[in-house]
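The values are calculated or read from the model by the stated rules, or taken from the named source; none is laboratory data. Model, not experiment: these values are computed from the prediction. No Cβ is skipped: glycine too gets one built from the backbone with ideal geometry, and neighbour counts run over all protein chains shown. Each accessible area value is taken on the protein alone, full model and side chains, heavy atoms only, with ligands, DNA and RNA left out. Shrake-Rupley method; radii C 1.70, N 1.55, O 1.52, S 1.80 Å.
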Amino acid sequence: MARMPTHTPTTETDLLTAWTALLHRCGAADDPGPYGRELLRRWSEPQRRYHTPEHLSAVLRHVDDLAGHACDPDTVRLAAWFHDAVYRPDRTENEERSAALAVRALTAAGLPAARVAEVERLVLLTVGHDPAPGDHDGEVLCDADLAVLGGTPEAYAAYAAAVREEYGFVPEPDFRAGRAAVLRGLLALPALYRTPAAHERFTDAARANLTAELQRLED
């Protein structure tokens, strides 16, 4: 199993340090620093309110927490770095563009083709957050990405408000309809969380938070 980070990155400096160490562990042939800075620039774009470096840091923290369930934790960490690297709220193909960016960047960095292909696959899983049974790395990434749903009511409210800000260009009736469809899709998943630890920790709170928001949207 890949070596665990000594601490969870919390600032952009920490994130860049973690990125550099991760790429070196994964066999990068060149200095990964410049592309790490480019990724952080993307994660800091002005249209973002929730999908920010803070979200990236939180996902990486949850990947660390769930790493014992993963087959290849470092590949999951690479996918976490890229899963929202392209994010335009007015577009629908963000995950596909993020996956394509991962392929270009990691191939240029000299990572093995098999690992690059797995990162691409994992990023694309975040379209629906529905990994196949037994897909341990997919389960870890999807659970880490959805962990925000299982926070306190106050934390969930802050997340929902940030998402609304990202879609500030959408009229309220249209936003309510679209957001309600997303929430119904999440509630209809066979399970919101697939790793045992995340399932136990987050499921009840997540279902309560999602149901409460859905009721507010439909009132």
Might you work out the accessible area of residue 96 for me, using a 1.4 Å probe with all protein chains in place, and round it to the nearest 10 Å²?
-> 90
Ignoring ligands and nucleic acids, what accessible area does residue 60 show with a 1.4 Å probe (Å², nearest 10)?
-> 10
What ranking of 126, 13, 20 comes out by heavy-atom accessible area, probe 1.4 Å, highest first?
-> 13, 20, 126
Checked against the positive end of the charge dipole of segment 85-219 (+1 on Cβ of Lys and Arg, -1 on Cβ of Asp and Glu, about the Cα centre), the farthest of 108, 136, 148 is 108
Calculated from DSSP helices alone, with each H run of at least 4 adding -39500 (n - 2.57) and the total divided by the residues of the chain, [θ]222 nm to the nearest 500 comes to -21000 deg cm²/dmol
Quick one: ranking 44, 98 by accessible area, 1.4 Å probe, largest first, what do you get?
-> 44, 98
Per-residue accessible area, 1.4 Å probe, largest first, puts 125, 15 in the order 125, 15
Can you pull the accessible area of residue 17 for me, 1.4 Å probe, Å² to the nearest 10?
-> 80
What translational diffusion coefficient, in µm²/s and rounded to a whole number, does the Stokes-Einstein relation yield for the chain at 37 °C and a viscosity of 0.692 mPa s, taking the hydrodynamic radius as the Kirkwood radius over Cα pairs?
-> 185
Of all accessible heavy-atom area on the chain, the percent that carbon and sulfur account for (1.4 Å) | 57
Rolling a 1.4 angstrom probe over the protein heavy atoms, how many square angstrom per residue are accessible across the chain?
-> 46
Going by alpha carbons, how many degrees (0 to 90, nearest 10) lie between the helix axis of 136-146 and the longest principal axis of the chain?
-> 50
Give the angle, between 0 and 90 degrees and rounded to the nearest 10, that separates the Cα long axis of helix 113-125 from the longest principal axis of the Cα atoms of the chain.
-> 10
Taking only Cα atoms, what is the 0 to 90° angle, nearest 10, from helix 73-82's long axis to the longest principal axis of the chain?
-> 60
Relative contact order (percent, whole number), the chain, Cα cutoff 8 Å, 6+ residue spacing = 20
Would you mind counting up the charge near residue 66? Only other residues with Cβ under 12 Å from its Cβ, with Lys and Arg at +1 and Asp and Glu at -1.
-> -3
